[in-house]
Each structure stands twice: as structure tokens, then as C-alpha cells.
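Below is one structure, written out as C-alpha cells, with a few remarks after it.
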Amino acid sequence: MYTLGITQSDVLLEALDTAMRNQFGDRISGLSTNGTTLRIHFFEPYTPTDETAAQGVIDAHDPVFITAERDGDNMTITLTKPHNVDGATALTLTIDDVAAPDSTALVNNVATAQIESADEITIGILEDYPHQEVTI
Amino acid sequence: MATWTTLNNLSTGDLVTETDMDALRGNIEYLLNPNTASDYSSSYDSTTSTSFVDSGVEAEITSYGGVLLLLFQCRAQTTTDTHVQFRFTVDGDPLTFEIDERFPGEDVMSLTEAVSVAAGTHTVKVQFRVTSAASVSIINSGLTVMEG
């Protein structure tokens, strides 16, 4: 195994793994991270061209992290887009796959929304950024 | 720290010297406080690799030659239903026993193994992998290497 280490935090590992496999196919067994260093595991020695390509995949990785806190029927939803590669200014929540009527503004790469629901709901985003839905 | 000394092979009629008794006492003290090495971490390490890769959990021990007891425990989290596997390597060589568990969600996993090593310094690492398109994260991990 030949491991390429690249400094990068705030990744959605499975989404980045998909993108990296699209780039390198069967040449890699997968990715690892300790939160600050991303490791790309090659089956054969990698080249400087591979390093550049890997960095390109990482630079394009633009995940949104969703957290939700419930206090009775009231929920606070926080959307964090730490890299904001495309400079987005707003995100649109989805609740049980239904888009909210209005988008929520991103300020310093963070958007916050308040939702009221007695029922368990699944929170996602409408935009096509890597993210993991949260059920609360 | 107490050290292990190979005792003289005494025969009937030999004089037991102060050096012999010092060595015996040192060996008893060594057995009371075994040589150990450890690595504990509350942070996490994650992988999507379907081949065994280093988890970041490792310890180095200098052995007098004999048996090492390896103990590893962690809390493992997966996002989807997959098999998660762990194994030890000693100086880069994988040991034969692996632990395999299938689950979505979170569970405590542990691995224990004994291995014979030659005198010298040895590096013990914990490796992990998943067996399908998924990821596993390990947190609150602990590795202890103890010379028997």
C-alpha cells in the first residue's frame, strides 16, 4: 500500500471517496482521515500527476454539514459549508424531501433555521452538495 | 525501570554471588512491573478502505525477547450496514487473527492477541478496513502492549 497524505479537514469521507474513485478507479483501496490529514491509499506507487489530480478532487469537495437540536417541538437547524468552494450565499432546507419555500442565507459559511414539528423529521438540503441527512 | 537479566546457569558447588542475587531481584521486580507500551486517543480516525490500512493507533516497545500481549479496544461507528475488520501488525507484518463484525451504527470492538518476538524494539499497529462501500470511524481507542 502506498499512502498519499494531504492536509485537509472538514470532509464527508464517503462523498469524497466516491469522487476520488471516479478519478482513480481501482488504483485506490479508499481514503482515511484523522480529521486534519486525508490519506489516499494507492495499490501501486503514485506519481506527481496523481498528487495534482488528488488535490484537484479535494479542492472541488464542497460538503454541507447538518446539525439539528430539538427542544420539544422546536428545532434549531445549523448548516455549515466550511469550504464554500462556489461562494454560495444561501441554502435550501428539505424536510422529509420537501423543499422549504425559502432559502436560508449563509453568513460566514453558516446558515441557521428554526423549525417546529412534533413529529420526527428528516432534514436535508436541496442543492447538490455532499451532505448527510439528519433525522430528529 | 527494572530490567530483565539472564541468570547465570549455576551448578552444584558454585558460589552464589551478589551479582547473581541482584540479577534475581531485578528479574522479580521486572515481573512485578511488566514492560508495557500504550497508545490512547479520544480523537477519531475513519476509513473507506476495503484493504487493511493503518488506523493511526500504534505503540513501540523494546522487548527482551519472548511473548507480547496485545490488547486493543475502541468504539466504532459506521454509517451503513457493513463488515468492519481489525488486525494487528508487528513491524509491518500482519498477525493472522482478525476480528470481524457486521453492523450499522455504533459498537465497542476489541482485539486481543499474543505474539512471540525477538529481543529488540518492535512497532505494533492496529489496522482496519470495511468490506463494502461504507466508512467506519473509531473513537476512544486504546492499545496496550505488554511483555509477558
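The values are calculated or read from the model by the stated rules, or taken from the named source; none is laboratory data. Keep in mind that this is a model prediction, so the values were computed, not measured. Glycine also receives a Cβ, built like all others from the backbone with ideal geometry; neighbour counts cover every protein chain displayed.
For the reader, a short list of remarks on this structure follows.
- Count of residues meeting criterion [more than 13 Å from the chain's Cα centre (by Cα) and either exposed (fewer than 15 other Cβ atoms within 10 Å of the Cβ) or modelled with pLDDT of 95 or more (or both)] in the stretch B:55-73: 2
- The set of residues from the stretch A:83-105 being part of a loop (DSSP other than H, G, I, E, B) and under 16 Å from A:H131 (Cα atoms) comprises A:H83, A:N84, A:V85, A:D86, A:A88, A:T92, A:D96, A:D97.
- Annotation: of all residues in the stretch A:109-121 being within 15 Å of the chain's Cα centre (by Cα) and part of a strand (DSSP E or B), the one that is surrounded by the fewest Cβ atoms within 10 Å (Cβ to Cβ) is A:V110.
- Any hit, the stretch B:60-76, residues being within 14 Å of another protein chain (Cβ to nearest Cβ), touching a residue at least 40 places away in the same chain (Cβ under 8 Å) and not hydrophobic (A, V, I, L, M, F, W, C): no
- A Cβ distance below 7 Å, combined with a sequence gap of six or more or placement on separate chains, defines the contacts here; from the stretch A:122-136, residues that are within 14 Å of chain B (Cβ to nearest Cβ) and assigned to a strand (DSSP E or B) reach no residue that is among the acidic types (D, E) and buried (at least 20 other Cβ atoms within 10 Å of the Cβ).
- Failed criterion for A:G30 (all others in (1) in contact with an Asp or Glu (Cβ under 7 Å, 6 or more places away or on another chain); (2) on the phi < 0 side of the Ramachandran plot hold): (2)
- In the condition set (1) within 13 Å of another protein chain (Cβ to nearest Cβ); (2) buried (at least 17 other Cβ atoms within 10 Å of the Cβ); (3) of a type in the set (S, T, N, Q); (4) out of contact with any Phe, Trp or Tyr (no Cβ under 8 Å at 6 or more places or on another chain), B:S42 is compliant with all but (2).
- Only residues that are surrounded by fewer than 17 Cβ atoms within 10 Å (Cβ to Cβ), in contact with a Ser or Thr (Cβ under 7 Å, 6 or more places away or on another chain) and touching a residue at least 40 places away in the same chain (Cβ under 8 Å) were counted across the stretch A:10-43, and they come to 1.
- Residue among A:H61, A:H83 that alone is within 14 Å of chain B (Cβ to nearest Cβ), buried (at least 16 other Cβ atoms within 10 Å of the Cβ) and at pLDDT 95 or above: A:H61
- Search result, residues across the stretch A:1-31 that are within 15 Å of the chain's Cα centre (by Cα) and hydroxyl-bearing (S, T, Y): A:S9, A:T18
- Applying the criterion of at least 1 residues that are more than 19 Å from B:V130 (Cα to Cα) to the strands (runs of 3 or more DSSP E) found wholly in the stretch B:29-119 leaves B:36-41, B:53-63, B:66-90, B:93-117.
- Residues of the stretch B:99-148 classified as without any contact (Cβ under 8 Å) to a residue 60 or more places away in the chain and of a type outside the set (S, T, Y), total: 19
- Residues located in the stretch A:12-43, provided they are assigned to a loop (DSSP other than H, G, I, E, B) and at the interface with chain B (Cβ under 9 Å from one of its Cβ atoms): A:N34, A:G35, A:F43
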